[in-house]
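See below for the structure under consideration.
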Amino acid sequence: MPDKQLTRRSLLAALGISGTGIGLYAIDSSSRGENRNQPSDGDDNSPTPSPSPSTDSSPNDQTPQQQETPVVADVVEYGASVDGETDDTAAIKRAIDAAAPDGIVEFPPGEVLISPQRDLPGAITLDQRQQNVTLRGPEQETARLVMAPGQDGVHYGLHITPRTGSEDDEIRLEHLTIDLNSDKQSGVGTAIRTNGADGQLAMRDCVVTSTRNSGVKMVGGMDADIRYCTFKDNGDESYAHAITPNQTAQKTQTVIKNVYCTNQRGVSIDVGTDENKDLQTVRVEECIIKNSFGALKVDPTAASVSVTNTQMLGDAETRIPVKMNPFDFYMADIRLDNVLIDGGGWPGLDLPNRSTLQLNEVAIKNVDKNNVERGNDRGGIRTEKLDFGTSGRISIHNVGTDNSGPALKIFEGSGSIDEVIHDGTGGLGRNDGVTVARETQGGDPLEPDVVSESDVGPRTK
């Protein structure tokens, strides 16, 4: 369907969000033309041009609060060289100041060198003066924001801090690649960090790569809507990941849809922190998470996490497909619907907490292959004190080093599962307190309705 831009409040209405629930769909922004003015000679001291009005939207596309045509500021006209050697950070700041609030900053194809300014960790900082700004690259070519080498401290590509008190404010990124150049840094970097912000971060058709910390780390109270993006080569095994919804200032909604995560050194999606609160509602929909240390980790501040029509594919380096850290209090409600989990050193689901898990058409295979730390034969699914609700069909195949592991290791559970299909010599295993309505031994794995690689990541490159 055609993309249109909405305020966050109207987006939430369209999503049908209430409480900790989240609707299936949001509406993207419209595709826009390339009406750029001729660039200047790139001199940082050149006169500041007047920003151009945007020709992207007709009056009918605008909400009552957005009747004025937003201005468009091209970073080249504000002195950016886009040669990969000259630091263009100051020019970008001038363009943002010209476009703010409510305007669009355009980046041409090429490599844009950025670096932190003075005592600030963020190369590009957006605060309350720059609310509702869109940073936009070209649709058919690549605008690549690259962190300058030699960063020896904590650094961010974008540091988003607008605290306006309005849930309708939005920072939007479109058609941009953000590369933190981690091999050339001694310090730890995050590509995008929201700090104390409210409103919403929206990302469309972006690539985030080469960070030694998170790709996107969300703290504070900002919602997020991330679609058709790629995250690759990010994170660190011990503390950093691709997408980290860690908002703790208030209840938040995060949508991750048609996203491709590959080769993360940490977990691809890391939800929550270790406080006993219900704050983050996260929906992962039609994504592929591939060849990373882990796919999904859930901590106590998460209120609800759902994963639908998604592939979680592991390789020899994959340890954790879906995991919770152990805590003594109730944790998030988790739902997996039409999900393929294929490959992992630990069980496909390792959830040692009081929680609710709803499964439907979930296929798990080739897991618990290298579980040295936790002991062998922990099963395809391992849980403690967990309620399976009224789960549907699941299949569990090739568990353990020689397919001798049990399908289930459920301790002090409750609820029911309609059917468990499995093939290992370890049998069904342990299902304390959980009713398995039907056990099918030797049957073929389920084939969940999952997204293909052609439908994830940026749509135009």
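The values are calculated or read from the model by the stated rules, or taken from the named source; none is laboratory data. Note that the structure is predicted; figures quoted are calculated from it, not measured. Note that we place each Cβ from the backbone using ideal geometry, even for glycine, and neighbour counts take in every protein chain shown.
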*Considering each residue of the range 142-158, count those that are of a type in the set (Asp, Glu) and surrounded by 14 or more Cβ atoms within 10 Å (Cβ to Cβ), and give that number.*
0
*Could you please find all residues in the range 69-108 being part of a loop (DSSP other than H, G, I, E, B) and small (Gly, Ala, Ser)?*
Gly79, Ala80, Ser81, Gly84, Ala100, Gly103
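Can you find a residue in the range 436-458 that is among the hydrophobic types (A, V, I, L, M, F, W, C) and closer than 14 Å to Gly348 by Cβ?
Yes, some residue in the range 436-458 is among the hydrophobic types (A, V, I, L, M, F, W, C) and closer than 14 Å to Gly348 by Cβ.
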*Among the candidates Thr177, Thr161, single out the residue that is more than 17 Å from Gly266 (Cβ to Cβ) and either in contact with a Lys or Arg (Cβ under 8 Å, 6 or more places away or on another chain) or surrounded by 20 or more Cβ atoms within 10 Å (Cβ to Cβ) (or both).*
Thr177
*Kindly indicate the residue of the range 181-198 that is hydrophobic (A, V, I, L, M, F, W, C) and under 15 Å from Ile243 (Cα atoms) and also surrounded by the most Cβ atoms within 10 Å (Cβ to Cβ) among those meeting that condition.*
Ala191
*Those residues of the range 432-443 which are in a loop (DSSP other than H, G, I, E, B) and without any contact (Cβ under 8 Å) to a residue 40 or more places away in the chain, in sequence order*: Asp432, Gly433, Gly442
*Of the residues that sit in the range 199-249 and are among the acidic types (Asp, Glu) and within 18 Å of Thr273 (Cβ to Cβ), which one is surrounded by the fewest Cβ atoms within 10 Å (Cβ to Cβ)?*
Asp236
*State all residues of the range 284-296 that are in a strand (DSSP E or B) and surrounded by fewer than 22 Cβ atoms within 10 Å (Cβ to Cβ); if no residue qualifies, say none.*
Glu285
*Looking at the range 74-87, is at least one residue modelled with pLDDT under 95 and over 27 Å from Val188 (Cα atoms)?*
no
*Here are some conditions: (1) at pLDDT 95 or above; (2) under 21 Å from Gly220 (Cβ atoms). Asp169 meets all but one. Which one does it not meet?*
(1)
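So that you can scan it fast, the table gives a plain yes or no per residue for (1) closer than 21 Å to Asn263 by Cα; (2) part of a loop (DSSP other than H, G, I, E, B); (3) aliphatic (A, V, I, L, M):
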position	(1), (2), (3)
Ile178	yes, no, yes
Asp183	yes, no, no
Gly196	no, no, no
Leu201	no, no, yes
Val208	yes, no, yes
_Go through (1) closer than 30 Å to Thr301 by Cβ; (2) part of a strand (DSSP E or B) for Gly345 and report which single condition fails._
(2)
_Filter the range 133-142 down to the residues that are in contact (Cβ under 8 Å) with a residue 40 or more places away in the chain and not acidic (Asp, Glu) and list them by number._
Thr134, Leu135, Arg136, Gly137, Pro138, Gln140, Thr142
*State which residue is farthest from Thr254 (Cα to Cα) when the search covers only the range 187-226 and only residues that are in contact with a helix residue (DSSP H, G or I) (Cβ under 8 Å, 6 or more places away or on another chain) and of a type outside the set (Gly, Ala, Ser).*
Arg212
*Determine whether Leu357 is closer than 25 Å to Ser292 by Cα and either at pLDDT 95 or above or small (Gly, Ala, Ser) (or both).*
yes
